[in-house]
Amino acid sequence: MPEILGYADRMAIRPGESIEFKVSCETGTARFRAEILRLRCGDDRPDGPGLSTPPVDADVNRDYPGRRQAIDAGSYIVVPSAPAFDALESFALATLLWPTLPGGGPQTVMGRWEDDIAASSGYALGLDAAGVPVLILGREGRRWQLGGTVPLEARRWYRLLASFHAGSGDAILHYEAFDSVGTGCRAETCTARAPFAPAPVRGQPFVIAAQLAGRDARHSTGHFNGKIEAPRVVAAALKPADLGPVLSEPGVFPLVAAWDFAQEIPTTIVRDIGPHQIDGRLVNLPARGVTGHSWNGRSLSWREAPRDYAAIHFHEDDLYDCAWQTDFTWTLPPDVPSGIYAARLSCGETGEDYVPFFVLPGRHRSKSPVAFLASTATYLAYANSHDAYEDPTAERAHGALLNLSPADLFLMRRRDFGLSTYDLHRDGSGCFYSSRLRPILNLRPKTVLWSFNADLHIIDWFDQHSQAYDVVDDETLELEGAALIEDYRCLITGTHPEYYSPGMLAALETYLQQGGRLMYLGGNGFYWKIGWHRELPGVIEVRRGEGGTRTWAGEPGEIYLSTLGEPGGLWRSLGRAPQRLVGVGYASEGFDSGAGYRRLAASHDPRAAFIFEGVGDGIIGAFGAFGGAAALELDIFDPKLGTPAHALRVAASEDHSNIYVLTPEEILTNYPGTDGVESPLVRADMLFFETPSGGAVFSTGSIAWAASLAHAGYNNEVAHITGNVLRRFLDPAPFEMP
């Protein structure tokens, strides 16, 4: 297991600002060392260009006390203590419930419970280890439970009621399922006389979907997996006949609280529509904008029909923020150059971790003519992905047995470090959200050449050619828009800018409309629409609907992003295919070995002469880390999807293996011949076109292009073409539309 892990409170920073680092010595080492490095290349393979991490003279480079820091994973709602809770004697708890893991261990639905070494006090409604509803009362260390006999079924809506009468001690537990049209059926009612009244727990929060181990809300347990809707707390004992009315018309009862999950869906606020307005707060990003018990397909938008989306889906493995304490803070000097940096953390003889961050240029400093746009949204989408070993098709897609890294093996055991948007929660539902406030083990140098570590090949190519550059990032692009990039003559993407928000896409469109030049050195770019959370920094949301290459599909009716109130899914399905922006779009993938490009007739057009200066007519890029510059995920031109009519398709890859297959959106119905041997659509297209305002776009159509830059010491046709394009794109002479 990793001996040391860390993360920072931010991923992008400017000179003069401060960044906080949070560190956990997982094996209990008493001290660790921190050093600030500049990241140039993370490819430490024996046949790769080699690790390049020049040291930075920073005042935080020293030893620090070590400690192990815990993670409180699992989502829930915390409602602050209030006098109305303290005054409760007789009470009733009611809610709608859609469990997804009944029988997966004890789970708390809601309650006000205090459980420590000295005493168990309070009350809670939950499920026992077998998935049977239970009412639990506690007093002075004693615990009493009233339970049913029939366990709940997974993925079925139920109505639950738990009631206690303080005068008589009578307790009632009632639950009933809904059939497919919403009519109650299979009800069970349990009654008993409790031996004691629950002890008051003054000052303790009321919690929904978990219980707290202490009053500081730093550790939770008993997480519920599934959807909850319309939780109610009533200051009176109720009967089963009251269950329907209290859920639909709570105002006729002596309410303590009635939370309406249909309100404030884009936020972390949970509104109480009862008389005391005791609002709650979401912890660890449960899923909002999900279908409730009344959804019937009449609308797909929670904005249009909020009552149909009045539920929240909780998971025991949700995570927003590890909430570790800060171990050291670096205030960047005002003259630190823009680039990609990392804090290298080390302990013992072998413990090592890198915490990358992106230093943007200062607001009032002159900028380099070219900027590298770090795909931080895509980094987050893949953060701590379990997909490589949980996807049953992974070995077939690679044409080889899996070779799991130490990080993979660690994450198999430690799901508390959070999931990627490619992963399934333990209850089988897809993960909507990803956050940067946690150690991200695949956002590191010295890892597999995918996304971040693959992008460092471009950074190394800059440095090998002494090309001045700045680094900007997706999250800042979302916040600042086109103003962040408008001064750059040329903007270069990474290898895989797959995830894009409306704001990010609009910024790039504005940049090109104003005459900017864009080099898209990747594949499968601008593919999925995402939303950034409006309250929580560093959180993206993805909804995977009926199209696209994906590892899970969302529940029916759950395509609208909770963060934006707009449909998610593929940009192509929303009328903004990547071909409209960069001329090419994702069409096929394969993960065994790549291929080279063959020049096409358009490569000899005078408009494209600068691209191939000094490059012969032979196959281009039949080398590199993946066996060819066209590999992994490939993009093609398509005029129907928006490739400009004047675009020049100057080269295309060929001879891909039958491991390569078309994306689902390229196939209306399955048929033989959709692989790399048979289909003419399995290829990468290299494209160039001018824009009306004097700018231009160059696209390589392959994730693996950058992995071929370093071949033969960066002296090869892939590097020559990339350099030729950059030199012309930095030339202020405007491009002319044909």
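Since every read-out is calculated from the coordinates, none of them should be taken as a lab result. Source: prediction; values computed, not measured. Ideal geometry is used to build each Cβ from the backbone, glycine not excepted, and the neighbour counts take in all protein chains shown.
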What does the charge count near C41 come to, summing +1 for each Lys or Arg and -1 for each Asp or Glu among other residues with Cβ under 15 Å from its Cβ?
0
Label-point separation in nm, E153 to L730, each point 7 Å along Cα→Cβ:
6.7 nm
Mean projection of the alpha-carbon convex hull of the range 76-314 over all orientations, in nm²?
11.7 nm²
State the antiparallel share, in %, of DSSP beta bridges confined to the range 76-314, rounding to the nearest 5.
100 percent
Ordered by packing density, taken as the mean number of other Cβ atoms within 10 Å over each peptide's residues, highest first, how do 641-649, 328-336 rank?
641-649, 328-336
Fewest to most Cβ atoms within 10 Å: H425, H457 sort as H425, H457
Gain in length, A712 to I667, computed as 0.36 nm per residue apart minus the alpha-carbon separation, to one decimal in nm?
12.3 nm
Can you sort D635, D9 so the residue with the fewest Cβ neighbours within 10 Å comes first?
D9, D635
Rounded to 10°, Cα long-axis angle of helix 452-464 versus longest principal axis of the chain:
30 degrees
log₁₀ I(q)/I(0) of the range 637-738 at q = 0.23 Å⁻¹, via Debye over equal Cα point scatterers, no solvent, to two decimals?
-1.25
Once Rh for the chain is found with the Kirkwood sum over Cα pairs, what is the Stokes-Einstein diffusion coefficient at 20 °C and 1.002 mPa s, in µm²/s?
78 µm²/s
Per the Kirkwood treatment, what hydrodynamic radius in Å, one decimal, follows for the range 73-131 from the mean inverse distance over all distinct Cα pairs?
13.5 Å
Of all alpha-carbon pairs in the range 367-730, indicate the percentage at a distance above 27 angstrom.
43 percent
Antiparallel %, DSSP beta bridges [both residues in the chain], to 5:
85 percent
For a test of understanding, tell me how many lysine pairs in the chain have Cα atoms under 27 Å apart, given they are 8 or more places apart or on different chains.
4
Spacing of the two label points (7 Å from each Cα toward its C-beta) at M1 and H364, in nm
4.9 nm
Using a simple spin-label model with points 7 Å from Cα along the Cα→Cβ vector, what separation in nm is obtained for A609 and N658?
4.6 nm
If you add up the charges near S346, with Lys and Arg at +1 and Asp and Glu at -1, over every other residue whose beta carbon is less than 15 angstrom from its beta carbon, what do you get?
-2
Of S653, S679, how do they rank once you tally other Cβ atoms within 10 Å and put the fewest first?
S679, S653
Peptides 51-58, 542-549, 376-383: what's the order by average Cβ count within 10 Å, highest mean first?
376-383, 542-549, 51-58
How much of the DSSP beta bridge set in the range 367-730 is antiparallel, as a percent to the nearest 5?
65 percent
Assuming R0 = 51 Å, can you tell me the calculated FRET efficiency for the pair E20 and T393, based on Cβ-Cβ distance, to the nearest 0.05?
0.80
What is the P(r) of the range 465-592, as percent of Cα-Cα pairs per 5 Å bin from 0?
2, 10, 19, 22, 19, 15, 8, 3, 1, 0, 0
When the Debye formula is applied to the Cα atoms of the range 464-509, each taken as the same point scatterer, what base-10 log of I(q)/I(0) results at q = 0.15 Å⁻¹?
-0.41
Here the net charge surrounding Q514, from other residues whose Cβ is less than 12 Å away from its Cβ (Lys, Arg +1; Asp, Glu -1), is -1
Compute the Cα gyration tensor for the range 567-717, then decide on rounded, prolate or oblate, letting a ≥ b ≥ c be the square roots of its eigenvalues: rounded whenever a/c is under 1.5, prolate when a/b is larger than b/c in the other cases, and oblate in all that remain.
oblate
Extent along principal axes [Cα atoms of the range 218-345; Å; largest to smallest]
69, 36, 26
Show me the GluC sites (Glu not before Pro) within the range 266-360 that DSSP assigns to loop and that have at most 16 other Cβ atoms within 10 Å of their Cβ.
E304, E349
On full extension of the chain, what length is gained from Q263 through D487, given 0.36 nm per residue of separation minus the C-alpha to C-alpha distance?
76.5 nm
Rounded to the nearest Å, the spacing of the alpha-carbon centers of the range 55-89 and the range 218-289 is 25 Å
